[in-house]
Amino acid sequence: MDIQTFKNFPPITRTYLLISILANFLCFAQIVKPIHLFLNFQLIIYHFNFWRIFSHAFFFGQIGLKAFFYIFFFSRYSKALESYSFQGKKEDYLYLLIFGNSIMLLFKIFIVEAQFLGPAITNMVVYLWGKKNAQQQINLINILHIRGSSLPFVLTLSSLLLKQKNSEARYNWNNCGTFILLFRRNLPKVNWR
């Protein structure tokens, strides 16, 4: 990814990607240990590690194919959401990511094994994109052609088939995306100005 391509990303997606890539690189270079980024409510409350409220959302796991795919899917579908569905409303998109992270923090109470929610943010963004673009055809690896609404479930199924850790938690992140869609449709827009 060159600098010009990176500048073409919308501002919220670009900032999130920059922080994510930086966090993953710092962990790879062993400047920061992943244990200092993961979400732990006891460390937040009793040891005042408040950065953990947000730092967990930017780490996608050890550098490898899995982390690459999470960053790829986030960059592609977050860019599409922010550029088209939230065109001219970058504050709304930032609010959506913050609100989604807050809902995931609530879900985290029930899913103890999920320490890093970067993949969950990616699943939420892909789910929301899939719901907004339900009829769009997607070509996965020139083998599988699916509709946009099926993409989150294909990703969840692939995690189950590959026996990835925390794959059962993906259902809850898709539920988080559903909750956000229902919240946005059924409650009136709040005028923050």
Q) Using 0.36 nm per residue, how much length does the chain from Ile31 to Leu65 gain when fully extended, once their Cα-Cα distance is taken away? A) 10.1 nm
Q.
To check my understanding: the extent here is largest minus smallest coordinate of the Cα atoms along each principal axis. What are those three numbers for the range 1-103, in Å, largest first?
A. 42, 28, 20
Q: Select from the range 76-141 those chymotrypsin sites (Phe, Trp or Tyr not before Pro) which occupy a DSSP coil region and have at most 12 other Cβ atoms within 10 Å, ordered by residue number.
A: Phe110
Q) Say each of Leu18 and Leu106 gets a label point 7 Å from the Cα, pointing the same way as Cα to Cβ; how far apart are those two points in nm? A) 3.2
Q: Between Tyr95 and Val154, with labels modelled 7 Å along Cα→Cβ, what's the label distance in nm to one decimal, could you check?
A: 3.3
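Coordinate-derived values only; no laboratory data. In this text the structure is predicted, and so the values were computed from the model without any measurement. We place every Cβ from the backbone using ideal geometry, glycine too, and count neighbours over all the protein chains shown.
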